1. Considering only residues of the range 34-45 that are touching a residue at least 40 places away in the same chain (Cβ under 8 Å) and not in a loop (DSSP other than H, G, I, E, B), which is farthest from M307 (Cα to Cα)?
2. In the range 14-34, which residues are buried (at least 19 other Cβ atoms within 10 Å of the Cβ) and not acidic (D, E)?
3. Just for strands (runs of 3 or more DSSP E) wholly inside the range 46-126: which have at least 2 residues that are closer than 22 Å to M172 by Cα and of a type outside the set (A, V, I, L, M)?
4. If the requirement is being touching a residue at least 12 places away in the same chain (Cβ under 8 Å), surrounded by 19 or more Cβ atoms within 10 Å (Cβ to Cβ) and of a type in the set (V, I, T), which of these qualifies: I132, I107, I166?
5. Identify the residue in the range 335-363 that is hydrophobic (A, V, I, L, M, F, W, C) and closer than 18 Å to G45 by Cα and, among all such residues, is surrounded by the fewest Cβ atoms within 10 Å (Cβ to Cβ).
6. Identify, from the list K238, K287, K230, K295, the residue that is under 27 Å from V340 (Cβ atoms) and either modelled with pLDDT of 95 or more or not in a helix (DSSP H, G or I) (or both).
7. Could you list all residues from the range 46-56 that are without any contact (Cβ under 8 Å) to a residue 12 or more places away in the chain and surrounded by 13 or more Cβ atoms within 10 Å (Cβ to Cβ)?
8. Taking the range 317-363 as the region of interest, how many residues are farther than 20 Å from F30 by Cα, small (G, A, S) and in contact with a helix residue (DSSP H, G or I) (Cβ under 8 Å, 6 or more places away or on another chain)?
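The values are calculated or read from the model by the stated rules, or taken from the named source; none is laboratory data. Just so it is clear, the model here is predicted, and its values are computed rather than measured. Quick reminder, even Gly has a Cβ in these numbers, built from the backbone with ideal geometry, and neighbours come from all protein chains shown.
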Amino acid sequence: MSKTTLTSRERVKRAIARQPHDRVPRYETFWEDTVQRWLAEGYSGGREGALRALEADMAEVSGFHWPAPFANTYERVQEDEETVVLRDPWGGIFRQFKHKQTTPEHISWECDSPETWHSSFRRQIVESTDDIEPGPVLKACAEAEQAQKWRFCIGLEPFECLRKLIGDEATMINLMEEPEWIEDIAEVTTSRTLKAMDRLWEAGMRCEGFWIYGDMAFNHSTFCSPRTYKEIIWPQHKRLCDWAHAHDMALIYHTDGNVNAVLDLYIEAGIDVLQPLECKAGMDLRKLVPQYGDKLTFFGNIDVMAMITGDEEKIENEIREKLAAGMQGNGYIYHSDHSVPPQVSWPLYQKIIGWVNKYGNYA
């Protein structure tokens, strides 16, 4: 067990404010195949049990809920013994494996031009109605309140919506060739996200954090230059930050890839916490904290590529070094640099928890 003197909510709030606290706050995500492996190994707790074993300090009370343009329906296009090709609710065609969880192979997108966007997709998004009943959200809020967890809700940001609607390649090309189209998609989808958040807030949802997600970078750079980001996408990131702060929430931004070049712009927008800090993309707490540790709280950066080796000495050193770096200045939350993969056994993950306990205490 870890050494604790604060509630989970107090601990996370202090880490985000970079104020002294007792131990590193914790949260984690797991691939579904990872959980299935652990069940096969005799562990019966599932995802929630793993979070309890980790002594996770955060609780998700509401996922992302505004409907995609095609009413959350999946259409089977073709299949073979190993894979299936589907049309998703955003009009994307993709292939995935039937019996294991991986990143899907994207094939094409129906929203392939400004004309298609304006004639069909835009109106469907603007005129859509929320498909969630507030009751379960309010129940989750109350349960997290009872447990004194730091509560968060989830929303999409513009890059994720662009990738879902038109794909990575079209996004990157049209940031330069059709910037007005990209800017319109970013504005419309951000407005729709905030409309859904407003409805939940009016129904009584209360959280300490607003966690937006959407990857905007490769393993070596962002999808576009910092200047293009600032002109086209950044205003919507600022809107999301402003909404969170107006509702007394911290803003967590999840993006994979190397975003070192835009960290100053994140700070200017009002982003409070950056996650997951992907190691293989060149994100490194040991370099980030000395430069930005007084302005951002960092969340993650524990290398899953080290985890999958099964080399216990290597994994322990990764956790020890990264926690030591992140704890300088008090602004760090534990998480892997991606979801925990299925190569990690339950006995090994228990040892990972033990190393977090060992090295994650401030006193």
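1. Q36
2. So the first thing to find is which residues in the range 14-34 are buried (at least 19 other Cβ atoms within 10 Å of the Cβ), and the list is 15-16, 21, 23-28, 30-31, 34.
Scanning the range 14-34 gives A15, I16, H21, R23, V24, P25, R26, Y27, F30, W31, T34.
3. It comes to 92-97, 105-109.
4. Working: I132 fails: surrounded by 19 or more Cβ atoms within 10 Å (Cβ to Cβ); I107 fails: surrounded by 19 or more Cβ atoms within 10 Å (Cβ to Cβ).
Exactly one of I132, I107, I166 is touching a residue at least 12 places away in the same chain (Cβ under 8 Å), surrounded by 19 or more Cβ atoms within 10 Å (Cβ to Cβ) and of a type in the set (V, I, T), namely I166.
5. Taking the range 335-363 first, the residues hydrophobic (A, V, I, L, M, F, W, C) are 340, 344, 346, 348, 352-353, 355-356, 363.
Keeping just the survivors that are closer than 18 Å to G45 by Cα gives 340, 344, 346, 348, 352-353.
Details: V340: 23, V344: 21, W346: 18, L348: 15, I352: 22, I353: 19.
Once the filter is applied, the top-ranked residue is L348.
6. Numbers: K238 fails: under 27 Å from V340 (Cβ atoms); K230 fails: under 27 Å from V340 (Cβ atoms); K295 fails: under 27 Å from V340 (Cβ atoms).
When all the criteria are applied, what remains is K287.
7. Step one: filter the range 46-56 for residues without any contact (Cβ under 8 Å) to a residue 12 or more places away in the chain, giving 46, 48-49, 52.
Result: G46, G49.
8. Of the residues in the range 317-363, 6 are farther than 20 Å from F30 by Cα, small (G, A, S) and in contact with a helix residue (DSSP H, G or I) (Cβ under 8 Å, 6 or more places away or on another chain).
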